Every structure is written in structure tokens, then in C-alpha cells.
Amino acid sequence: MPLRGRPAALLPLCLLCLQAALPLRGHRGRYAGDKVIRVVPESKRETQILRAAFNRLKVDLWQPSSPFHIVEGTVTDVRVPQNTSRSLLPYLQQADIPYTILISDLQKAIENQTGSRTYRNRRSLSEYNYEVYHSLEEIQGWMYHLNKTHSDLVHVFSVGKSYEGRPLLVLKLGKRSRPYKKAVWMDCGIHAREWIGPAFCQWFVKEALQMYQIDPAMRKMLTQLYFYVMPVFNVDGYHFSWTNDRFWRKTRSKNARFRCHGVDANRNWKVKWCDEGASFHPCDDTYCGPFPESEPEVKAVAHFLRKHRKQIKAYLSFHAYAQMLLYPYSYKYATIPNFSCVESAAYNAVNALQSAYGVRYRYGPASSTLYVSSGSSMDWAYKNGIPYAFAFELRDTGHFGFLLPETLIKPTCTETMLAVKNITLHLLKKCH
Ligand SMILES: [Zn+2]
């Protein structure tokens, strides 16, 4: 049993031996032999070693999203390509940094998750299956279908076009009962690989339409409020995660000087843009973009939210994974002015969520609960006058990570639904 705490001075040399691995090209078999490992650095020395190694190797960080965020005592989940793991894993052993393997063969894990999808999805829209993940085309088809079949409660419209020219569809949900109604904005899929997000947005709409007739609370919500639901924010990235790279996170915009595509759509907002917790480098997963709102998707949604800022009382954004309910600020350690209202809404929401299956969510300001990040949509919404701004990090805590099995869609969405209903009903009571 080697002792922990070997002098860090010996390690940079070994670091030079590590091969920088480029991601494999081509979709099929792309992740064969890739592993997802978990490390929890227990000292400054270990933190420094991990940051340096992951920076150099350009491994795919699952949690946190950038080497910068790696801190002592916090889990770090990393996808390690097969050829990198041959040098990285012995290197970690040599440095006496223990790791566990969360997923030993990622390609197999992907195939297990998506094996028979093509057959299951070829159903008519009237028996739409909410317990499988859906491609962008299926989700858009579903939205147009609901627009026709539920025209009393649903109105679908586009807020703009994506970089690759796809419509940015939003579903307006609610009874047209009076001229002015408060509204709740919900978006899913800002980060392409977090597939449980779009599945939840769809689940929310399904539940709302089914329960409207029988559940007085849902009836009240849809009578007194409008919900703007954007099931897939980052449409190009989501499509790409289905066709080319299951673990794609960013948008798909091209860069004039680098071959790397895409911007982190949750670092591109005009609020402390590209400060702490965001990267200026176009090849990084947390790249903030060349300027704020450079991404047409961000620009279009920001424009819509600005235009409706008086009406919209809550901004809810759905991510994965970590099991957390976060509120502002993300970009600094400070308390928001309406802290007590927001905090009690969060407290009640996580308790409602836990009541379904006992799943516990951590909650609190994003900066101290997750990490500091600038240019996020949640901070932007809050700064632009939306008093309740939340970001959900849905299941799980790393066992499956981004490959949350389809069998867990139903429990995840059922419990999240309770939290969202709870926040929404809180809005209808007065708390300022
Ligand atoms: Zn995310």
C-alpha cells in the first residue's frame, strides 16, 4: 500500500511522458474502451496535480466542467479515452492519488442505454413515449402535434434561429383566461449531452395537459399563469449529440481561428461575461464565446426574456447531473436581495422532491453550492428583473452521469415535477 503524499516535485517530469489524446473521430465505436473515473483530491498537492494533468490531456471533465473548478474534497468525474487511460491511470497510481472507475467501457454503456430505440420510437404521436429519450426531430414533431391537438392550452412559436438555421421553438402553455397573466420560463438542454433535461421539459408539458382536468393545483397553475417551455435550447448541439458525439456540450458555431466548434451557452450571457469560471479558449468546454450573446440561441432567448421581463416571474433552467437546486449568484459569493423568499422556495421544493423517492437534493447559491461561474443564464435572468431564478441539476450524482438510463426518466421527472409545482405555487403566494 503506497503512502499518499509523495513530493509533487517529482511529478512534472512524469507529466511530460503523458500523451495528449485527441478524441476519436467517427461516431460508431468512438468510445470503445473509454472509462469514466472519479477522483476526490484530498490536498492542495493532489488538486494541483489533477488540474495540471487534466489540462494537458484535455480529458473530458464531466464534473466539474473545467479543471479550474477542481477543489479539495469535491468529486471530480472524468471521461478518459482508452489511449489516455493507459498512461493516466498508472500516473495517478504513481502519484498516490486513488481513483475509482465509475464506467469501465463507455461504448458498452452507451449501447446499453440506446440499444433498441429506433424500434420503440416509431409510434404515433398520440401514444408518445415519455420514458425514452427523443431526437430533436421527434421533439419538434411532438411540439407541432400538441399545437394542433391542444390548441386551447398550447401555442408553439419560434423565438429565432440557431447557428445552423434550426427554429428555436418555445411552447406557451396555459389557459387564455385573462389578458394579463404572470409567467414562468423553463428551458432544458442548454448543454447538449444532458439528455434528461429535454425529457423533463416534455414530461412537464405532458403532466400539465393530463392533470389539468383532474388536479385542482395544476388547474390553478394553468389558469393563473403562462408557462413558456423551451424543451431544447441548444438545438444544434443536441442534434450533434445524437448523430456524432454523445458527450457534446456546447453550441455548434464555427470559430474563425480555431478548428474547435461551439461556445458554452451557459457562459455566453451578458452578466460578468467571461470572468471567473469561464474560458477564453475556443477549444475549452466552458468557452464563453467571442463576445456576450455571440450565440444566436442565447441572443434570441435573451431578447425574448428582456421583452417579457415584466410578465415573467420565474426562470427555471434544467441541467444534469449533481442533484442540486441552485439560485443566484453564480458569479460571486454574495447574498441576493430577496434571499429569504428564494431560499424558502428552494427549501420547500427540495423537500417536495424528496417526498417522492427519498432522493436528496442540495440547494443554495450556485457559487457556494456548485462553483463560481460567470455569464450564466440564471444570473442574467435574475439581474434582468426575474425575481425567482433557479437552475436544477437533475439526477444522478455520477453513477451513470450523462448516461442516465431511460428506466430512470420516470422517477426523475416525477420527483422534479413536485419541485417545480412547489416553486410555481409559491409564486402565486406573496413573498417579496
Ligand atoms: Zn448543464
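When the Cα centres of segment 288-350 and segment 76-116 are compared, how far apart do they sit, in Å?
33 Å
What is the packing order of peptides 374-380, 316-322, 350-356, taking the mean over residues of other C-beta atoms within 10 Å and listing the highest first?
Put in order of decreasing packing, that is 374-380, 316-322, 350-356.
With +1 on each Lys and Arg Cβ and -1 on each Asp and Glu Cβ, and nothing else charged, work out how big the dipole of the chain is about its Cα centre, in Debye to the nearest 20.
Computed about the Cα centre, the dipole is about 1020 debye.
By average Cβ neighbour count within 10 Å, what is the ranking of 178-190, 140-152 from highest down?
178-190, 140-152
For the chain, build the charge dipole from Cβ charges (+1 Lys, Arg; -1 Asp, Glu) around the Cα centre, then report which of 103, 354, 405 sits farthest towards its positive end.
Looking along the dipole axis, the top candidate is 354.
Taking only the alpha-carbon positions of segment 147-305 and ignoring solvent, what does the Debye formula give for the base-10 log of I(q)/I(0) at q = 0.09, 0.14 Å⁻¹?
The computed values of log10 I(q)/I(0) come out as -0.34, -0.73.
Run the simple label-point estimate for residue 308 and residue 89 please: 7 Å along Cα→C-beta, distance reported in nm.
Placing both labels 7 Å along Cα→Cβ, they lie 4.9 nm apart.
How many Å³ per residue does the convex hull of the Cα positions in segment 340-419 occupy?
Residue-normalised Cα hull volume stands at 109 Å³.
What angle, in degrees between 0 and 90 and rounded to the nearest 10, separates the Cα long axis of helix 196-211 from the longest principal axis of the Cα atoms of the chain?
It is inclined by approximately 20 degrees.
Counting only Cα atoms, I'd like the Rg/Rh figure for the chain, Kirkwood definition for Rh.
That ratio equals 0.97.
Rounded to whole Å and sorted largest first, what semi-axes of the equivalent ellipsoid does the C-alpha gyration tensor of segment 219-297 yield via the square root of 5 times each eigenvalue?
Three semi-axes, in Å: 28, 17, 10.
Which part of segment 283-310 falls in the paramagnetic zone of residue 257, meaning amide N under 16 Å from the point 7 Å along Cα-to-beta-carbon?
283-284, 287-292
Taking only DSSP H segments of four or more residues, each worth -39500 (n - 2.57), what value at 222 nm results for the chain once the sum is divided by all its residues, to the nearest 500 deg cm²/dmol?
Theoretical 222 nm ellipticity from helices: -11000 deg cm²/dmol.
Any chance you could run the full-extension gain for residue 181 through residue 332? It's 0.36 nm times the residue separation minus the Cα-Cα distance, nm to one decimal.
51.1 nm
Restricting to Cα pairs below 8 Å that are 6+ residues apart, what does the relative contact order work out to for the chain? Please round to a whole percent.
In percent, rounded to a whole number, it is 15.
Put +1 on the Cβ of every Lys and Arg and -1 on every Asp and Glu Cβ in the chain; which of 196, 423, 173 then has its Cα farthest towards the positive end of the dipole?
So the residue we want is 173.
Here, each number is a calculation from the coordinates, and none is a lab measurement. A quick note: this is a predicted structure, and the numbers were derived from the prediction, not measured. Methodologically, a virtual Cβ is constructed for each residue, glycine included, from the backbone with ideal geometry; neighbour enumeration extends over all protein chains shown.
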